[in-house]
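**Q** The structure follows.
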Amino acid sequence: MNAVVLLGPPGAGKGTVAEVLVARGFRHVSTGDLLREQIRLGTPLGVEAQALMDQGQFVPDDTVVGMIRDLITGENGSRFLFDGFPRTLVQAEKLDELIDSIQGTIDSVLLLECPDEVIVRRLGGRRTCAKCGAVYHMAFNPPSAGEYCDVDGCGLSQRPDDKEETIRERLKVYKEQTAPLVEYYEARNLVHPVDASMRIEEVRQAVLQLMA
Ligand code: ADP
Ligand code: AMP
């Protein structure tokens with residue numbers, strides 16, 4: 001099993017970039033998507049996670065590490081693309097242990113860098129399809145008609161945590177808890193910075209070049 005980690009603040013474009021890597025055979029794993037699925041199903045885990053997510057706080061490390069453990073166990077031949085995981089040093093250490101235990105490797109960490117003000121504009125206009133997970137932006141990557149998904153025609157929705165006040169809190173939490181991971185992975189020469197403030201196509205090209 002080998003893995004690429006997408007690191008970067010909320011709204012930097014991790015999910016958007018993931019689409020081109022999925023087309024190249026990666027298995028996209030977003031812990032945010034997995035948690036939202038638990039909320040949709042109304043499981044106890046989902047109920048616990050929702051209150052934290054709505055306030056822009058992280059869910060407990062054990063919860064997300066458990067989800068990742070379940071996913072990668074027995075998947076020795078897969079190429080994983082982790083999006084939004086790990087997000088704390090504890091999660092990064094646990095991921096190393098899990099990967100070591102199945103003789104896997106982290107090949108690279110793509111660091112999507114983007115200024116706060118760009119992020120606030122991006123998340124304010126983000127719309128997602130609850131059915132297929134497609135991500136749009138009403139100005140920068142609009143659906144072709146109204147607020148309906150191009151893939152399956154379902155109505156698009158705005159995430160409850162994409163309100164400006166919650167976005168600011170998420171950026172604060174990112175700087176405190178996730179930014180230290182850059183140093184953690186730099187010590188192993190795994191980090192490849194990408195200027196994520198460019199247009200979507202340019203960011204995707206930059207990522208594809210790094211992965212070539
Ligand atoms: P993340 O997964 O990092 O939270 P997303 O991929 O969901 O970020 O992108 C956040 C929002 O910004 C979405 O509405 C997306 O359409 C838009 N977006 C992503 N990348 C870019 C870009 N390079 N330029 C403009 N808008 C972008
Ligand atoms: P995302 O979809 O990546 O923007 O994540 C949305 C929210 O889910 C975050 O603000 C956190 O509340 C929660 N979340 C997602 N991934 C993690 C993680 N690895 N650790 C803790 N909380 C997470």
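**Q** Give the long-range amide H neighbours of residue 27: residues separated by 5 or more places, or on another chain, with amide H under 5 Å away, using H modelled in the peptide plane at 1.01 Å from N.
**A** For residue 27, the qualifying residues are 79, 80, 81.
**Q** Mind jotting down a quarter of the surface of the convex hull over the alpha carbons of the chain, in square nanometres, one decimal? Can you show the working numbers first?
**A** Working: hull surface 45.1 nm².
The orientation-averaged projected area of the Cα hull of the chain comes to 11.3 nm².
**Q** Antiparallel versus total DSSP beta bridges in the chain: what percent is that, nearest 5?
**A** Details: 7 of 27 bridges.
The answer is about 25 percent antiparallel.
**Q** Kindly provide the helix-only [θ] at 222 nm of the chain, computed as the sum of -39,500 (n - 2.57) over DSSP H runs of four or more divided by all residues, to the nearest 500 deg cm²/dmol? Could you put the intermediate results ahead of the total?
**A** Details: 9 runs with 94 residues, N = 212.
Taken over the chain, the calculation gives -13000 deg cm²/dmol.
**Q** A further question follows. If the only charges are +1 at each Lys and Arg Cβ and -1 at each Asp and Glu Cβ, what is the size of the charge dipole of the range 158-211 around the Cα centre, to the nearest 20 debye?
**A** Details: 9 positive and 11 negative charges, 16 e Å.
Roughly 80 debye for the range 158-211.
**Q** Let me ask something else about it. Looking at the chain as a GNM with Cα springs under 10 Å, which of 132, 149, 114 has the largest mean-square fluctuation?
**A** Among 132, 149, 114, the largest GNM mean-square fluctuation belongs to 132.
**Q** Whole-Hz ³J(HN,Hα) for each residue in the range 3-17, computed from phi via Karplus 6.51 cos²θ - 1.76 cosθ + 1.60 with θ = phi - 60°, x for glycine and proline: what do you get?
**A** 9, 10, 9, 9, 10, x, x, x, x, 5, x, 4, x, 5, 6
**Q** Under the rule of at least 5 residues apart or a separate chain, name every residue whose amide H is placed under 5 Å from the amide H of residue 156.
**A** Sorted by chain and number, the residues that satisfy this are 148, 149.
**Q** Further, regarding this structure: So which of 14/172; 94/175; 131/175 end up more than 26 Å apart, counting from Cα to Cα? Write out the running numbers ahead of the final one.
**A** Working: 14/172 18 Å; 94/175 20 Å; 131/175 31 Å.
Over 26 Å apart, Cα to Cα: 131/175.
**Q** Post the alpha-carbon centroid distance, the range 131-203 to the range 1-79, in whole angstrom.
**A** 13
**Q** Compute a Gaussian network model of the chain, connecting alpha carbons closer than 10 Å, and tell me which residue from 82, 140, 26 fluctuates the most.
**A** 140
**Q** Loop only by DSSP, 10 or fewer other Cβ within 10 Å of the Cβ. Give me the trypsin sites (Lys or Arg not before Pro) in the range 106-212 that pass, ordered by residue number. If you can, show how the numbers build up before the last one.
**A** Numbers: sites: 121, 122, 126, 127, 131, 163, 168, 170, 172, 175, 188, 199, 204; in loops: 131, 163, 188, 199.
Qualifying residues, ordered by number: 188, 199.
Computed from the coordinates by the stated procedures, all read-outs in this text should not be read as laboratory data. In this text the structure is predicted, and so the values were computed from the model without any measurement. Every residue, glycine among them, receives a Cβ derived from its backbone with ideal geometry; neighbour counts consider all protein chains shown.
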